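One structure is given below, encoded as structure tokens.
The values are calculated or read from the model by the stated rules, or taken from the named source; none is laboratory data. Worth saying up front: this structure is predicted, and the values here are computed from it rather than measured. Positions of Cβ are backbone-derived with ideal geometry, glycine not excepted, and every protein chain shown enters the neighbour counts.
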Amino acid sequence: MWYFIVYIGVLAAGVITKLYFPKVWGWFSVFDTASAVALALIAGWGYFEYIKNEQEIKIFFDVDGQKIDTHLSILRKNFSRAEIQGLLRMISTDPRGGYEVKYIKDPAILAKIHKIQKGKGKEFLVKMTKDELKQFNI
């Protein structure tokens, strides 16, 4: 398929130069350069968006103002309330993975999750009390 496109391009270049349309050929040259630059910029933007979505978001516990590292992280592209809950179940002391943290049920947490999903912030704090912390293997 690509060779067909190249053939058409070479044929068009030959026809245009033989028919003495140098102004038209000049416009094709300008359009070609402009589209190449535009495509390069779009590809660069896409690459940086891809890299941003591959960043790790670290999960910390905020226990009465003290920041505790959980040594857990989620990729930005997968960052959601369900993923956070899954990680908390994973480190729960309950054999069935149960836990009770009031902060996870707070609707205001969604605004913080959306902020991270949009590329702002590199860490997420799960606020809890010392009693709630006892439910986790940290």
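List of remarks:
- From the list 18, 58, the lone residue that is of a type in the set (Lys, Arg), more than 19 Å from residue 117 (Cβ to Cβ) and either at pLDDT below 80 or touching a Ser or Thr at 6+ places or on another chain (Cβ under 8 Å) (or both) is 18.
- Restricting the range 64-91 to residues that are among the aliphatic types (A, V, I, L, M) and in a helix (DSSP H, G or I) leaves a set whose member that is nearest to residue 131 (Cα to Cα) is 88.
- Given (1) in the same structural domain as residue 104 (by TED's automatic domain parsing); (2) surrounded by 11 or more Cβ atoms within 10 Å (Cβ to Cβ); (3) modelled with pLDDT under 90, number of the condition residue 72 does not satisfy: (3)
- Summed over the range 72-127, residues that are more than 18 Å from residue 56 (Cβ to Cβ) and touching a helix residue (DSSP H, G or I) at 6+ places or on another chain (Cβ under 6 Å) total 4.
- Total residues in the range 92-107, condition assigned to a loop (DSSP other than H, G, I, E, B) and loosely packed, with under 13 Cβ neighbours inside 10 Å: 8
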